[in-house]
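Read the structure below first, then the notes.
The values are calculated or read from the model by the stated rules, or taken from the named source; none is laboratory data. All of these numbers come straight from a predicted model, not from anything done at the bench. FYI the Cβ positions are ideal-geometry reconstructions off the backbone, even for glycines, and counts take in every protein chain you see. Accessible surface is based on the protein model in full, side chains and every heavy atom, while ligands, DNA and RNA are left aside. Shrake-Rupley method; radii C 1.70, N 1.55, O 1.52, S 1.80 Å.
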Amino acid sequence: MAVVDAKNPIITFLSDFGVKDNYVGIVKGVIAQSNPRAKVIDISHEVSPFDIAMGKYLLETSYERFPEGTIHLAVIDPGVGTKRRAIMVETGKYFFIGPDNGLFSFLRPRQIRRAFSLTKSMHFLKEISATFHARDIFAPTAAYLSTGGSLEGMATRIKGINGLADGHTNRNRGKVVGELIYIDHFGNLVTSIRNAGGPLKGIVHMDGFRIGPVRETFGSVPVWRPVCYINSFGYLEIAVREGSAAEYFGVKELSRPKILIAPGKGGR
Amino acid sequence: MAVVDAKNPIITFLSDFGVKDNYVGIVKGVIAQSNPRAKVIDISHEVSPFDIAMGKYLLETSYERFPEGTIHLAVIDPGVGTKRRAIMVETGKYFFIGPDNGLFSFLRPRQIRRAFSLTKSMHFLKEISATFHARDIFAPTAAYLSTGGSLEGMATRIKGINGLADGHTNRNRGKVVGELIYIDHFGNLVTSIRNAGGPLKGIVHMDGFRIGPVRETFGSVPVWRPVCYINSFGYLEIAVREGSAAEYFGVKELSRPKILIAPGKGGR
Amino acid sequence: MAVVDAKNPIITFLSDFGVKDNYVGIVKGVIAQSNPRAKVIDISHEVSPFDIAMGKYLLETSYERFPEGTIHLAVIDPGVGTKRRAIMVETGKYFFIGPDNGLFSFLRPRQIRRAFSLTKSMHFLKEISATFHARDIFAPTAAYLSTGGSLEGMATRIKGINGLADGHTNRNRGKVVGELIYIDHFGNLVTSIRNAGGPLKGIVHMDGFRIGPVRETFGSVPVWRPVCYINSFGYLEIAVREGSAAEYFGVKELSRPKILIAPGKGGR
């Protein structure tokens, strides 16, 4: 079971709240009211509004970089105020709190030790709004867990959590086909293709356009030239050295080009 | 009187400094120099430059979500370097530090226990610049308070603080008329109309255009449709489910449409 | 030698990572894994991508505002994955960790007590990626220093660090010529001209256009009028009171106008 470090409890916080409004600060205030010792570390609040897949990618590639016992609070919640479940999921090392909309679907069933549906609890704020469950339900629950509290007997055990349809990858006769799943701050293009079963080899194409072979890093090409490599999270990424691949190739958030790796030096 | 939690002192920080520059970090550094135990929680640094009314709205709807004894540092300060007063205001639970330009005018006179004008003090930095009082005056004062220090005898008692003319609401013959006061990160339109004396009822109009009845939450309408509800701070808000009401209605920060709630199902 | 405050260790963090991605949060997670007591204070993560000079300006004007023993982690690192050195530089009061690309070149040789090239160490993460040294090398090293650890014998002593060609200032026959080096969040234009050898006097010109005399602060001119003054870091700055000088003068990040201060009331 995951165990909180009671001396230095850590709660991470991921959302689509942005940093202009006071929503993030209020969540931290509510946590401090229950447990002033808890340290909150922001993962990102610039997830595109309602973009569950983006939130899932950012959390999946972050959560293991935190100490055991860390509580991961994640709120991308287009269904707030509807009947979607609010959940807490526990693995052998970590806790996850948020809406049950696929945000945590990177967790494999065998990783999940316990899962709860957060029903009316003595730990919620007294008044539950219809639109700000991060403040009224999720933050108080995270703060309670950060004091070492257990949900056993205080919430409803559930058997599984919801999934999310997203970036698929197919392997066939030496070819790997995937999708663009994320554009980062530098304009790097992250694909759904992962390093699995040995290092990726071959020539990368995007919507039929030949980019080049999989290399080790930026430094393998001159400045302002495109380069493909496995990023630090294990995903195939297309970048431009000291530049923006999104600008270079004219790729925007909503365009979802197909990515292909084919053997040899071919391509048009 | 408000009492600081000496073991876990909390200072919130609200400004129009943005996060590109180093101003916010420097203020935190100056606080750490005086009291390394103080925890600083950001409310927002993306208040529109010099927009005191926006700062006031964000602080008004946040401050009670923090533990008793929290010190609220708020610096939206177009008059820095002029003769505007620097003040500290104390309620029964909280401290407020910043310029006396209306930023704290949501506090009712009866809430204010003590107020001081911050005059030259041993706690300020040795050199006071003309343009960065957050660093030179406000942060050192907040840090000093966070150690349990008192301003009594070290600053000048004042009787009241300045107000701010902003979003008014009129009620007349079953109609309520207000203004748009804020557009949040999601494009939700916050109005000056509050839930007072029983739940709001009726049909909401914006600049004469019928939006619809006051509902409970987003979930009451289909995706991409407009909806009116009381937001989690008690203000009437106009939103588009899983979309942006600001984009849907073409409302920008500087347009200040009139909001009207009228009885029945009328409207043009 | 600089000494860390073991009870309240502070690490500042400056980067060009932005706040949309999870890179900043991951670095904080890695630090928390090694030293959960370390407090990380963000200076900025909105340095323009790969802009070492901007990072240098922000760090130079911040670092002395933090407690003695603070560890300054700064990662603007276009050469990540190439042969550029990763370094730790120690002054009498502070530690600096980052790439050796000029980012720390505001430090005078006589300020530097010790400098190390970070070579393969037991403190790095087990797997070193080619693209995310902030996570794999710099953060673990900062966390190790924050526990009071020393690099002596664990890294290679070096004699000096690399410089950076940037904003120069010339003084000649009563004239001072400099450059624009930074545009802040408010649209204030920061120049390379510093207050040295007595207060700056004369009339400021930008690309030959007369702006006006050096004044004390914004308050010296009416609202929406340009004004020149020495900013809170000691640099000559051109602003518009309660407005944006960048917009007023049409100056963008890549235009680098010449700044001139000439005696008297002349100028065209």
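Within segment B:46-79, being within 14 Å of chain C (Cβ to nearest Cβ), out of contact with any Gly (no Cβ under 6 Å at 6 or more places or on another chain) and open to solvent by less than 10 Å² (accessible area, probe 1.4 Å) holds for no residue.
Does A:V89 fit the bill of being over 16 Å from the mean Cα position of the chain (by Cα) and aliphatic (A, V, I, L, M)? So A:V89 does not fit the description; no. For segment B:60-85, the set of residues classified as more than 20 Å from A:P36 (Cα to Cα) and not in a loop (DSSP other than H, G, I, E, B) consists of B:E60, B:A74, B:V75, listed by residue number. Exactly one residue out of C:I11, C:I43 is under 27 Å from A:D5 (Cα atoms) and either touching a His at 6+ places or on another chain (Cβ under 9 Å) or in contact (Cβ under 8 Å) with a residue 60 or more places away in the chain (or both), and it is C:I11. The residue of segment A:158-179 that is surrounded by the most Cβ atoms within 10 Å (Cβ to Cβ), among those that are closer than 23 Å to A:E90 by Cβ and modelled with pLDDT of 90 or more, is A:I161. Among the residues of segment A:67-83, just one is more than 16 Å from A:S15 (Cβ to Cβ), out of contact with any helix residue (DSSP H, G or I) (no Cβ under 7 Å at 6 or more places or on another chain) and without any contact (Cβ under 8 Å) to a residue 40 or more places away in the chain, namely A:K83. Quick check on segment A:12-31. Is at least one of its residues of a type in the set (S, T, N, Q), within 12 Å of chain B (Cβ to nearest Cβ) and more than 22 Å from the chain's Cα centre (by Cα)? The answer is yes; a qualifying residue exists.
The set of residues in segment C:141-157 being open to solvent by less than 50 Å² (accessible area, probe 1.4 Å), in contact (Cβ under 8 Å) with a residue 40 or more places away in the chain and over 22 Å from the mean Cα position of the chain (by Cα) consists of C:Y144, C:L151, C:A155. Looking across segment B:73-101, just one residue is of a type in the set (G, A, S) and more than 17 Å from B:A134 (Cα to Cα), and that is B:G92.
Here's a check for you: in segment C:80-114, which residue that is at pLDDT 95 or above and among the β-branched types (V, I, T) is most open to solvent (accessible area, probe 1.4 Å)? Checking each candidate, the answer is C:I112.
Considering C:P263, C:P257, C:P226, the condition of being in contact with a strand residue (DSSP E or B) (Cβ under 9 Å, 6 or more places away or on another chain) and more than 27 Å from B:K20 (Cβ to Cβ) is satisfied by C:P263 alone. Remark: C:N195 falls outside the filter, which requires a residue to be without any contact (Cβ under 8 Å) to a residue 24 or more places away in the chain and in contact with a strand residue (DSSP E or B) (Cβ under 8 Å, 6 or more places away or on another chain).
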